[in-house]
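The values are calculated or read from the model by the stated rules, or taken from the named source; none is laboratory data. Small disclaimer: the values here were computed from a predicted structure and weren't measured. All Cβ positions, even for glycine, are placed from backbone atoms using ideal geometry, and neighbour counts span all protein chains on display.
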Amino acid sequence: MKISVDPSQCYGSGDCVYRAPDVFTVADGFGSVIPGREDAGDAPEVREAVEGCPSQAITLGER
Ligand code: SF4
């Protein structure tokens, strides 16, 4: 599953980085996917990050 973060919904809480630090980072105040990790959406910690994002900014889609 391909991961994407909608910067218009993200407010930079950093929860995603806390849950999956190998996949997410906070840059310029917004959460984003670390380059090259966009296809890590099947990892359990990524699913936790999606469910735990307080603004539902993270989505998983088809590759
Ligand atoms: S958990 Fe959600 S709101 Fe917080 S930084 Fe990550 S994407 Fe943004």
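Before moving on, here are some points about what is shown:
- Test: residue 39 is out of contact with any Phe, Trp or Tyr (no Cβ under 6 Å at 6 or more places or on another chain), within 12 Å of residue 60 (Cβ to Cβ) and without any contact (Cβ under 8 Å) to a residue 40 or more places away in the chain: yes
- Checking each residue in region 16-35 for being assigned to a loop (DSSP other than H, G, I, E, B) and touching a Phe, Trp or Tyr at 6+ places or on another chain (Cβ under 9 Å) picks out 29, 34.
- Flag if residue 41 is in a strand (DSSP E or B), small (Gly, Ala, Ser), modelled with pLDDT of 95 or more and buried (at least 16 other Cβ atoms within 10 Å of the Cβ): no
- Being at pLDDT 95 or above and within 8 Å of the ligand (Cβ to nearest atom) is a property that holds for residue 31.
- Selection status of residue 12, assigned to a strand (DSSP E or B) and near the ligand (Cβ under 10 Å from one of its atoms): no
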